[in-house]
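The values are calculated or read from the model by the stated rules, or taken from the named source; none is laboratory data. Values in this document were obtained by computation on a predicted structure and should not be read as measured data. Counting neighbours? That spans all protein chains shown, and the Cβs are built from the backbone with ideal geometry, glycine included.
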Amino acid sequence: MVLNRDDKLILWFLAGTIVLMNIPYGSYALYPFKLFATWIHESFHGLAAVVTGGSVVSIDINPDTSGLTRSLIPQSMFASALVSSMGYLGTAVTGAILLAVRRHARVQRWALFVIGLGAVLSLVFWVRNLFGIVTVASLALLIWLLALRASDHWSAIATNVLASQACVNALLDIRVLYSSSVGHSDAAAMAQTVGLWSWFWATLWLVISALLFWFAWSRSLRAEKAAPAPVRS
């Protein structure tokens, strides 16, 4: 298996994140990325609500990196299950997509542009608390500057950083669900709506997220290996 620059960057960022999480005050360096993951999580709750025919009342993003999405959704098991699931799975999908495009400079820039656009739209329509407004506005501004003005090198670094953080936070945030009290987590809400146990849904989301990351990582490796070698005359 041959790793290119973007592959190595992802691995370095993942390793650095794990180290920072386990040293005193290391988590402070990860604070902006944790807020990014929270915004992704809550935005996917909102998107799920809209997809099921409901609406989003507001999204709050708090200084302790927690978030809350208030929504109105149809009274159906499907709607409730989708909204409960998509916070964690949406973060995993975002990380997987960014992983999948890590070897494509032009697509990386477009990915940044789409994320920035999503931040602007969520800011206009959903985010309502002051800290959330400042956070999402700063996120949108920074990502659009990178998408529109940065070189391919720096846009690749930005995309790889966001990919690594989305992946790590998707997995670690799901892990927290195992110790959450009933009625205070997405997994508990899923268990109350569909049945079974909150740990079952947490485990299912964890497995799905891990499979998404593995598929996204390996897909571009397989594609590059299968690509025809350049013909030399």
## Note on the structure
Of the residues in the range 176-186, those that are of a type outside the set (V, I, T), surrounded by 11 or more Cβ atoms within 10 Å (Cβ to Cβ), modelled with pLDDT under 85 and not in a loop (DSSP other than H, G, I, E, B) come to L177, Y178
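Condition check ((1) within 15 Å of the chain's Cα centre (by Cα); (2) modelled with pLDDT under 95; (3) of a type outside the set (G, A, S)) across all residues:
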position	(1), (2), (3)
P32	yes, yes, yes
F44	yes, no, yes
I59	no, no, yes
G67	yes, yes, no
Q75	no, yes, yes
F78	no, yes, yes
A92	yes, yes, no
L99	yes, yes, yes
### Query
Mind checking which residues of the range 60-77 are over 20 Å from I174 (Cα atoms) and touching a Ser or Thr at 6+ places or on another chain (Cβ under 7 Å)?
R70, S71, L72, I73, P74, M77
### Query
Do the conditions hold for A15, that is, is it part of a helix (DSSP H, G or I), over 13 Å from the mean Cα position of the chain (by Cα) and surrounded by 19 or more Cβ atoms within 10 Å (Cβ to Cβ)?
no
### Query
Between residues in the range 115-138 that are free of Cβ contacts under 8 Å to residues at least 40 places away in the same chain and at negative phi and residues that are among the β-branched types (V, I, T) and buried (at least 23 other Cβ atoms within 10 Å of the Cβ), which pairs lie under 7 Å by C-beta distance while being six or more apart or on different chains?
G116/I143; L123/V136; I133/V127
### Task
Go through the range 31-48 and count every residue that is surrounded by 13 or more Cβ atoms within 10 Å (Cβ to Cβ) and more than 19 Å from G87 (Cβ to Cβ).
1
